[in-house]
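Have a look at the structure below before the remarks.
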Amino acid sequence: MRILTFNANGLRSAASKGFFDWFERQDVDVLCVQETKAQEHQLTDAAFRPEGYRAWFKDAQKKGYSGVAIYSQREPDEVRTALGWAPFDDEGRYLEARFGNVSVVSFYIPSGSSGEERQGFKEDVMTWLRPILDGWLASGREYVLCGDWNIVRAKNDIRNWTGNQKNSGCLPHERAWLSGLIADGCHDGLIVPPETGWKDAFRVAKPEAVEYTWWSQRGAARANNVGWRIDYQLCTPGIASGIRSAEIFPEPKFSDHAPMLVEYAV
C-alpha cells in the first residue's frame, strides 16, 4: 500500500500548480490531504477528481479554512468524520477511512503560531487527543495517521534548532508530547520513549536523514532549505514492520509543504 500525505495549503491552489497531474504519476493507493481550504461542493470539477479515485472530505464550518480529504482507489468499508469534540471536529481536522483491519487517517493538528489563544487550543487538543491515540494503539487495528502535526521532534527535523526553541512547533513540551507517543530513539532526550508505541514511518525508513516537509514563505526559506519536518505518517507497530520506503518531494512546489510518500507491505 502506497500512502501519500500532503498539506495543500489550499487544494484549489495546489491543483492549479499541477499537483494532481503529478499525483497521477505516483501510483498511490491512498492520498491524505490537509488544509483543503474549500467546501466539498467547490471541489466537484474533474480537476479535483483524478481518474480511478474516489474522494471523501471533512470540511471546516468556517469557509476557506482547514479541511481534510482522503482519496482512494479502493472503496473503504467505512469512513469516519468526527472524534466527538466539536471544537476540533468543526474545524475539519480528522477523517478516517477503514479498509478491513487497516485505518488510514488524515489529521491536521492545530498550529499555535498565530498567538496565545491558538497555542492554548493546540495544547488542549494535545491533551484531549492522547487517550484517543492510546486507545487506537491498543485496539488491535492497524493505523496510519497521516498529516500535519505542527510539531518537530528533534534537531534533525528543523534547520534552525537553536533559534526556534521558544516558537510554537518546537517548544520542548510539544516535542516531548509527540515523541512520548513514539517508540524509537529519534527524539531529543526530553523523554524516555515507550517500549510499545507508534512508529514514525519516515524514521523507520531513514533514521538519520535530515529532510524537511515545510518551509516558511517568508524570505528565501525554501531556496535555502531552512525547513521543518512537521508532516508525518505515524503507524502502529504491525504495519510499520512492513515499511519498504519513505520519500519527501520538495519539488515540484505545490504548497509551502512537501508531499510525503510511504510504501507499506500491506
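Numerical summary
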quantity: Modelled label reach - T127, point 7 Å along Cα→Cβ, region 170-200 residues with backbone N closer than 20 Å; calculated: 170-181
quantity: Cα shape, region 172-266, gyration tensor, a/c 1.5 rule; calculated: oblate
quantity: Links that overshoot a 31 Å alpha carbon limit, given the list K17/K166; K63/K253; K206/K253; calculated: K17/K166
quantity: A183-K62 pseudo-label distance in nm [points 7 Å out on the Cα-to-Cβ vector]; calculated: 3.8 nm
quantity: J(HN,Hα) series, region 145-156, from Karplus relation 6.51 cos²θ - 1.76 cosθ + 1.60, nearest Hz, glycine and proline x; calculated: 9, 9, x, 8, 9, 6, 8, 8, 9, 7, 4, 6
quantity: Check: region 2-264 dipole with +1 on Lys, Arg Cβ and -1 on Asp, Glu Cβ, in debye; calculated: 480 debye
quantity: Whether region 16-100 is rounded, prolate or oblate, judged on the alpha carbon gyration tensor where a/c under 1.5 counts as rounded; calculated: oblate
quantity: Dipole magnitude of region 153-266 about its Cα centre (Cβ charges: Lys, Arg +1; Asp, Glu -1), debye to nearest 20; calculated: 300 debye
quantity: Förster radius 22 Å - calculated FRET efficiency between D134 and I191, Cβ distance, rounded to 0.05; calculated: 0.90
quantity: Simple spin-label estimate for T162 and D77 in nanometres, 7 Å along Cα-Cβ; calculated: 5.3 nm
quantity: Relative contact order of the chain, defined on C-alpha pairs under 8 angstrom at six or more residues apart (%); calculated: 19 percent
quantity: Point-to-point label distance, A47-R98, nm (Cα→Cβ direction, 7 Å offset); calculated: 3.6 nm
quantity: Potential extension, N225-D27 segment - 0.36 nm per residue separation minus Cα distance; calculated: 68.5 nm
quantity: Rounded to 5, percent antiparallel among DSSP beta bridges of the chain; calculated: 75 percent
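Any read-out appearing in this document is the output of simple, stated calculations on the displayed coordinates, not a laboratory observation. Values in this document were obtained by computation on a predicted structure and should not be read as measured data. As a convention, Cβ positions derive from the backbone with ideal geometry for all residues, glycine included, and neighbour counts pool all protein chains shown.
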